[in-house]
Amino acid sequence: MNTFRIGDFIRLKNLSKHYLDITTLSDINIFEIKDIIEDVEYVITDCETRIPISDIEPIPINGQDDKYISFNSSPMAKYVDYNDVAPNMKCETSYFLDDFKQILDEDENKQEIVQNFKFVHEVQHYLRDEIEYSYSLIINK
């Protein structure tokens, strides 16, 4: 069972099922959780309706399903609301996992941690909980 948090990236199990509710015309099946309603429904970006928990799933780290996710390495990011843009924000457009591995240096223990991540939201949790410097992931739609 995956434990999602507000701010996590997820995908819809069946994008076409909710296609009429999506406000942004895009075939990219990556959304951010904006709110969690009683652990049974999610409010996500670019969608007008609440999504039942049974209709979402984690995004696997495989270079394909997560290819529109990039790394944000702005030192100002922790001082800015996630809906705003920080001054001098450096948003990379390269694949996030490559940048993530670089911030962990060459520490073998940390590199082993990276190998154990299977889903994007696990990386997001690690960035929020374990890294002092403010890093985050962004969706490039």
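The values are calculated or read from the model by the stated rules, or taken from the named source; none is laboratory data. Keep in mind the model is a prediction, meaning the values are calculated, not measured. Positions of Cβ are backbone-derived with ideal geometry, glycine not excepted, and every protein chain shown enters the neighbour counts.
Overview of values
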read-out	value
Answer residue from the stretch 1-33, given it is part of a helix (DSSP H, G or I) and among the hydroxyl-bearing types (Ser, Thr, Tyr) and is modelled with the highest pLDDT among those	Ser16
Index of the failed condition, Ile36 passing every other in (1) without any contact (Cβ under 8 Å) to a residue 40 or more places away in the chain; (2) assigned to a loop (DSSP other than H, G, I, E, B)	(2)
Among (1) at pLDDT 70 or above; (2) assigned to a loop (DSSP other than H, G, I, E, B) - the single one Thr93 does not satisfy	(1)
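Here's the yes/no breakdown for (1) exposed (fewer than 14 other Cβ atoms within 10 Å of the Cβ); (2) out of contact with any Phe, Trp or Tyr (no Cβ under 6 Å at 6 or more places or on another chain); (3) under 19 Å from Thr3 (Cβ atoms):
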| position | (1), (2), (3) |
| --- | --- |
| Asp21 | no, yes, no |
| Thr24 | yes, yes, no |
| Asp27 | yes, yes, no |
| Phe31 | no, yes, yes |
| Ile37 | yes, yes, yes |
| Thr49 | yes, yes, no |
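Let's see how each residue does on (1) at pLDDT below 85; (2) among the hydrophobic types (A, V, I, L, M, F, W, C); (3) not assigned by TED's automatic domain parsing to the domain that holds Val40:
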| site | (1), (2), (3) |
| --- | --- |
| Ser73 | yes, no, yes |
| Lys101 | yes, no, yes |
| Phe117 | no, yes, yes |
| His121 | no, no, yes |
| His125 | no, no, yes |
| Asp129 | no, no, yes |
